[in-house]
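As structure tokens, the structure follows; a few thoughts come after it.
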Amino acid sequence: MMNKAPRFPKIALRWMAALLMGSLLATRITAAPVQSIPNFALLDLQGHNVELQKAQGKAVVLFFTGVGCPIARKSTPKLIDIADRFRARGVSVWVINTYPNDTVRDAFGEVRELGLQSLTYLRDPHQMVALALKVERTAEVVVVGLEKQKVLYQGAIDDQYAEGAERPKALNRFLETALEEFLAGREVSQARTPARGCRIAFVPMAESASHPDYAQHVAPILRKHCAECHRDGGIGPWAMDGHGRVRNYARMIEEVLLTRRMPPYDAHPEIGRFANAHRLSRDDIQTLLRWVAAGAPRGDGPDPLTEPLPPLPDWPLGKPDAVLRLPQPESIPATGVLEYRHISIPTPSTNEFWIGGADIRPGNRRIVHHAILYARWPGCPDDGSGNGVHVFGWAPGATPASYPDGVGKRIPAGATFQLEMHYTTCGSPQTDQTEVALYLRSGPQPRNAETRQASDYLFRIPPGDPDFRHVASYAFRAPATVYGLSPHMHVRGKWMKYELLLPDGRRQPLLFVPRYDFNWQFAYRLEQPLHVPAGAWLLVTGGFDNSAGNPANPDPSRAVTFGLQSWDEMFIGFFDAADDPTP
């Protein structure tokens with residue numbers, strides 16, 4: 001008697017078909033061209049800056065997630081296991097949250113619940129990295145070889161999970177196999193697999209468009225946010241004066257966006273609100289990145305960047321009441337290290353006057369490192385430098401100072417002014433005649449503003465230390481109002497944080513600059529002036545990077561102490577405040 005073939009239930013046949021299809025899908029993409037990955041910098045949940053180019057080891061596994069995604073949640077034990085087993089072999093794992101509306105609190109909750117504390121957890125609220133790497137789903141991993149910063153593998157961790165389905169166990173461990181092959185010095189045999197996770201929602205584009213239109217979408221963003229500096233006579237190194245010039249720098253635009261170097265404003269977005277905040281929106285960032293990824297095409301229509309910009313104002317705050325100028329041009333040699341120059345300049349009046357705003361215009365930006373206006377009079381306070389009272393200072397990135405109505409800096413009758421000039425040589429002889437603009441109040445004001453500081457000059461930064469911590473404080477002996485905060489360090493400065501310690505025990509964060517940049521020394525003007533009770537303390541903490549990993553570090557082998565020159569260091573938390581009027 002002939003044996004009949006066994007009959008399988010329909011559900012089993014469907015399961016086998018699905019299994020076969022899943023296997024085919026998992027192996028459909030077997031290789032991908034090795035692509036270089038742009039550098040990027042994101043903040044972790046503590047607000048620290050994490051940059052790809054500074055990662056240590058052989059490879060970094062990027063795992064994209066969002067709070068609540070089922071496949072991402074189920075994948076975390078595998079991710080932790082990979083991190084534990086490959087850590088000693090030079091592989092680190094970074095989790096990147098790419099949901100723009102997930103808060104730090106949301107992310108912290110899932111980190112604790114899923115046991116992700118041992119991994120680096122980063123936030124990408126603008127979805128820059130996901131967009132640049134063409135990541136479409138959560139639970140997708142991207143393996144980056146650090147020596148050449150190349151993508152080695154991109155896709156799923158394994159083939160256990162799919163949308164709406166899962167196997168009892170994985171049949172193919174794609175990520176683990178790719179890591180083993182890479183660490184053994186072999187080519188990764190399966191460089192791409194389909195990702196399995198929740199679809200990531202990016203800023204939508206018109207269905208008919210394959211990329212943003214230059215004239216309609218891209219150029220208006222650049223004109224509004226960038227061209228004011230990137231223009232002839234502006235502080236930017238090149239002018240955004242048309243598509244051709246911008247296209248030449250398109251890849252640099254991508255890089256400075258991904259590393260958050262531009263716009264040059266790096267206050268933590270969730271700590272403090274500032275009137276002079278300068279940020280691009282998520283929509284704007286994604287528009288620019290998509291346009292660059294498409295090859296920065298010109299398209300049709302007129303070029304908005306060729307339209308003349310309004311002329312740069314002589315003074316952004318308007319016509320000053322008084323303009324003070326160095327008495328004569330200062331001659332600067334071609335080379336050498338120059339001592340600070342303290343140059344007397346006239347005051348606008350020999351009587352008492354009140355300053356409601358100030359600005360400094362360097363005569364020669366190539367050589368002016370900084371300029372500070374000081375006032376002196378008999379019995380005036382002093383910070384120990386012997387210079388007198390700090391009126392206003394300029395350094396790259398500084399913006400004009402302007403106080404609200406009823407607030408001003410009192411300059412007594414008979415006071416004298418001096419301008420502290422720090423010049424740096426540039427290889428050829430130069431001259432400079434810096435100017436100061438003053439905006440005066442009509443008569444005495446209820447509040448006398450002062451530039452105060454939390455500072456501590458007694459520190460020694462050990463050689464090679466990548467994050468030497470330091471702290472300074474200031475005690476409020478009388479109730480006062482704070483108007484602005486100005487962190488100051490030199491080239492080894494890494495980060496700085498301002499916090500208010502209140503008499504009732506509360507700790508109020510005011511400002512956190514996770515990546516301090518000596519080249520852009522901002523004064524952060526509070527959107528709403530902050531009233532501070534007597535008995536409160538301002539606590540300023542920060543870190544220095546004295547390692548070889550700091551490209552601005554002139555000598556990582558040297559211990560560093562306080563000093564005036566930029567290869568020495570400072571730690572000063574400047575702030576503008578005025579005591580409450582006395583009855």
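The values are calculated or read from the model by the stated rules, or taken from the named source; none is laboratory data. Computed from a prediction, not measured in an experiment: that's the story for all the values here. Virtual Cβ from ideal backbone geometry, glycine too; neighbours counted across all protein chains shown.
If you go through the stretch 540-566, how many residues are touching a Phe, Trp or Tyr at 6+ places or on another chain (Cβ under 9 Å), under 14 Å from Y516 (Cα atoms) and without any contact (Cβ under 8 Å) to a residue 40 or more places away in the chain?
Selection size over the stretch 540-566: 0.
Which of (1) under 23 Å from A358 (Cα atoms); (2) in the same structural domain as P404 (by TED's automatic domain parsing) does I332 not meet, given it meets every other one?
It fails just one condition, (1).
Got a sec? Which of D465, D432 is farther than 28 Å from G357 by Cα and in contact (Cβ under 8 Å) with a residue 60 or more places away in the chain? Write out each step before concluding.
Numbers: D432 fails: farther than 28 Å from G357 by Cα.
It is D465.
Looking for whichever is among the small types (G, A, S) and in contact with a Lys or Arg (Cβ under 7 Å, 6 or more places away or on another chain) here; the options are A334, A322, A358, A296. Which one fits? Explain how you work it out, then say what you get.
On the way: A334 fails: in contact with a Lys or Arg (Cβ under 7 Å, 6 or more places away or on another chain); A322 fails: in contact with a Lys or Arg (Cβ under 7 Å, 6 or more places away or on another chain); A358 fails: in contact with a Lys or Arg (Cβ under 7 Å, 6 or more places away or on another chain).
Exactly one of A334, A322, A358, A296 is among the small types (G, A, S) and in contact with a Lys or Arg (Cβ under 7 Å, 6 or more places away or on another chain), namely A296.
Among G115, G109, G68, G57, which is the only one that is touching a strand residue (DSSP E or B) at 6+ places or on another chain (Cβ under 6 Å) and either among the small types (G, A, S) or closer than 25 Å to M252 by Cα (or both)? Steps first, answer last, please.
On the way: G115 fails: touching a strand residue (DSSP E or B) at 6+ places or on another chain (Cβ under 6 Å); G109 fails: touching a strand residue (DSSP E or B) at 6+ places or on another chain (Cβ under 6 Å); G68 fails: touching a strand residue (DSSP E or B) at 6+ places or on another chain (Cβ under 6 Å).
That would be G57, the only listed residue that is touching a strand residue (DSSP E or B) at 6+ places or on another chain (Cβ under 6 Å) and either among the small types (G, A, S) or closer than 25 Å to M252 by Cα (or both).
If you scan the stretch 454-473, which residues turn out to be under 21 Å from H268 (Cβ atoms) and not β-branched (V, I, T)? Talk me through it step by step, then tell me what you get.
Start the filter on the stretch 454-473 by keeping residues that are under 21 Å from H268 (Cβ atoms), which leaves 454, 466-473.
A454, P466, D467, F468, R469, H470, A472, S473 - these are the residues of the stretch 454-473 that are under 21 Å from H268 (Cβ atoms) and not β-branched (V, I, T).
Quick test for you: out of F86, F64, pick the one residue that is crowded, with 21+ Cβ neighbours inside 10 Å, more than 23 Å from A132 (Cα to Cα) and more than 20 Å from the chain's Cα centre (by Cα).
Numbers: F64 fails: more than 23 Å from A132 (Cα to Cα).
The match here is F86.
State whether the residues of the stretch 376-391 include one that is without any contact (Cβ under 8 Å) to a residue 60 or more places away in the chain, in a strand (DSSP E or B) and not acidic (D, E).
yes
Tell me, yes or no, whether the stretch 283-306 has at least one residue that is surrounded by fewer than 17 Cβ atoms within 10 Å (Cβ to Cβ), farther than 30 Å from N49 by Cα, modelled with pLDDT of 95 or more and hydrophobic (A, V, I, L, M, F, W, C).
no
Condition first: of a type outside the set (S, T, Y), outside any helix (DSSP H, G or I) and in contact with a Phe, Trp or Tyr (Cβ under 9 Å, 6 or more places away or on another chain). Now tell me which residues in the stretch 99-122 satisfy that. Give the derivation first.
Keep residues of the stretch 99-122 that are of a type outside the set (S, T, Y), which gives 100-102, 104-117, 119, 122.
Those still in the list that are outside any helix (DSSP H, G or I) too: 100-102, 115-117, 119, 122.
Answer for the stretch 99-122, where residues must be of a type outside the set (S, T, Y), outside any helix (DSSP H, G or I) and in contact with a Phe, Trp or Tyr (Cβ under 9 Å, 6 or more places away or on another chain): L119, L122.
If you go through the stretch 330-349 one residue at a time, do you hit one that is touching a strand residue (DSSP E or B) at 6+ places or on another chain (Cβ under 7 Å) and over 30 Å from Q430 (Cβ atoms)? I'd like the intermediate steps shown before the answer.
Our first condition is that a residue be touching a strand residue (DSSP E or B) at 6+ places or on another chain (Cβ under 7 Å); within the stretch 330-349, this holds for 330-332, 338, 340-348.
If we keep only those that are over 30 Å from Q430 (Cβ atoms) too, we end up with none.
No - not one qualifying residue is present in the stretch 330-349.
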